[in-house]
Amino acid sequence: MSKPVIVSGIQPTGNLHIGNYLGAVKNWLELQNSGKYDLYIFIADLHSLTGKLTAAQLREQVKITVVELLAAGIDPNKTTFFVQSHVKEHAELAWVFNCVTLMSELEKMTQFKEKASQQISATAGLFTYPILQAADILIYKGALVPVGQDQIQHVELTRDIARWFNNKYGVFFPETKHLLTNVPKVMSLLEPEKKMSKSLGAGHVIDMCESPEEINNKLKKAVTATVGGEVAPGVTNLLGLLKEFGDNNIYTQFVKSEKQGNIRYGDLKNTLAEAVSDYFSKFREKRSKLLKDTKKLDKILAKGAKKASKVAQNNMKEVRKLVGVR
């Protein structure tokens, strides 16, 4: 009996930070190692074209993201791991889906509204971004997509697109469902009311690859100010990170100290810095080795693209027949 197909991707943004890890990568590893799913993970370089990266920057960031996912534990023998643009059928299927999707449906996408508001002029690519996402998933007949609460809308659109296609051409695609993940909220170190993001600046995030010294220096500057006797957002954030990366008994002690009002924030920061550093120590070693072995990276990506392409080509061949093109 075939396993449920799970598809997920990540944009190449250079070094991954601990928010990326807790928000996506850790969950992928659990799904991969469960043995219950047929898992496809890809680097979404085509999606990155909606941004402002130069060609050289994009190539470098793809390399870094590939290296870091492998170093984190993505196993090419368990997961079909590849770069989006290496499988041409993603873009081809996106065009077919363009032709069954109403503009009014795309105008409802909250992420388009948010991203468009940050740009002087939004491109057509930014507008049709969710259609390519649907193609990314359905080209492999993805049944499940692991997402946080803020991504459910895009999975719902993917399900709608599959339904519109099936109604017009005959049932072929599954109606994809979201696999809601319990994503811990990781907030900025300097502005803890905002989600951790590189767009805020380097001091707001902790990269997975950073040295113990760098991690310690960043956490020293983390905001912990308490307002009105309540637990400050910055303190809540640091305690949440300690819960994820540190020893549970030590975490419990700090929570108790916070409630009693005798917590020492310097000790909390030092303890957290050590915990995060230790947690990613093997990752840093693997990352360093992989960065020096580009031939190995090329082989891994070629293997993943070949495996993904076989499925994508077969499905696209059937789609062409259904819609009447050759």
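Within straight-line reach of Lys63, meaning a Cα separation under 18 Å, sit the following aspartates and glutamates at least 8 residues removed in sequence or on another chain: Asp45, Asp75, Asp207, Glu210, Glu285, Asp293, Asp298.
Close amide H partners of His17, meaning residues 5 or more places away or on another chain with modelled amide H under 5 Å apart, are Met208. For the residue pairs Lys88/Lys218; Lys26/Lys220; Lys108/Lys310; Lys3/Lys299; Lys26/Lys198; Lys194/Lys303, alpha carbon separations beyond 30 Å are given by Lys88/Lys218; Lys108/Lys310; Lys194/Lys303. The charge dipole of the range 198-283, taken about its Cα centre with unit charges on the Cβ of Lys, Arg, Asp and Glu (plus for the first two, minus for the last two), comes to roughly 200 debye.
With respect to the chain, whose longest principal axis is taken over its alpha-carbon atoms, helix 124-138 is tilted by about 80°.
In order along the range 42-51, phi translates into HN-Hα couplings of 9, 8, 7, 6, 5, 5, 5, 5, 7, x Hz, rounded to whole numbers, per the Karplus curve 6.51 cos²θ - 1.76 cosθ + 1.60 with θ = phi - 60° and x for Gly and Pro.
Using θ = phi - 60° in the Karplus curve 6.51 cos²θ - 1.76 cosθ + 1.60, the 3J(HN,Hα) couplings for the range 189-199 round to 5, 9, 10, x, 8, 10, 5, 4, 7, 5, 5 Hz; x is entered for Gly and Pro. Along the range 81-96 the Karplus relation, 6.51 cos²θ - 1.76 cosθ + 1.60 evaluated at θ = phi - 60°, assigns HN-Hα couplings of 10, 7, 9, 3, 5, 6, 10, 5, 5, 4, 5, 5, 5, 4, 5, 4 Hz to successive residues, with x for each Gly and Pro. Projecting the Cα positions of His47, Gln57, Ala71 onto the charge dipole of the range 42-95 (unit charges on Cβ atoms of Lys, Arg, Asp and Glu, taken about the Cα centre) puts Gln57 furthest along the positive direction.
Each of Asn270, Val205, Ala222 was placed along the dipole of the range 198-283 (beta-carbon charges, centred on the mean Cα), and the one lying farthest toward the positive end is Ala222. Applying a DSSP loop filter and a limit of 11 other Cβ atoms within 10 Å to the GluC sites (Glu not before Pro) in the range 126-225 leaves Glu193. Our helix-only sum for the chain, with -39,500 (n - 2.57) per DSSP H run of n ≥ 4 divided by its residues, gives a mean residue ellipticity at 222 nm of -17000 deg cm²/dmol.
Placing +1 on the Cβ of every Lys and Arg and -1 on the Cβ of every Asp and Glu, with no other charges, gives the chain a dipole of roughly 1020 debye about its Cα centre.
Listed by Cβ neighbour count within 10 Å, with the fewest neighbours leading, Thr236, Thr79, Thr110, Thr224 appear as Thr110, Thr236, Thr224, Thr79.
Rounded to the nearest 10 degrees, the angle from helix 294-323 to the longest Cα principal axis of the chain is 40 degrees. Taking the number of Cβ atoms within 10 Å of each Cβ as an exposure proxy, the fewest-first ranking of Met208, Met109 is Met109, Met208. Residues Cys209, Cys99 in ascending order of nearby Cβ atoms (within 10 Å, fewest first): Cys99, Cys209.
Determine the percent antiparallel among the DSSP beta bridges restricted to the chain, to the nearest 5. Percentage antiparallel, nearest 5: 10.
Bear in mind these aren't lab numbers, they're just calculated from the coordinates by the rules spelled out. Keep in mind it's a predicted model, so treat the numbers as computed, not measured. Counting neighbours? That spans all protein chains shown, and the Cβs are built from the backbone with ideal geometry, glycine included.
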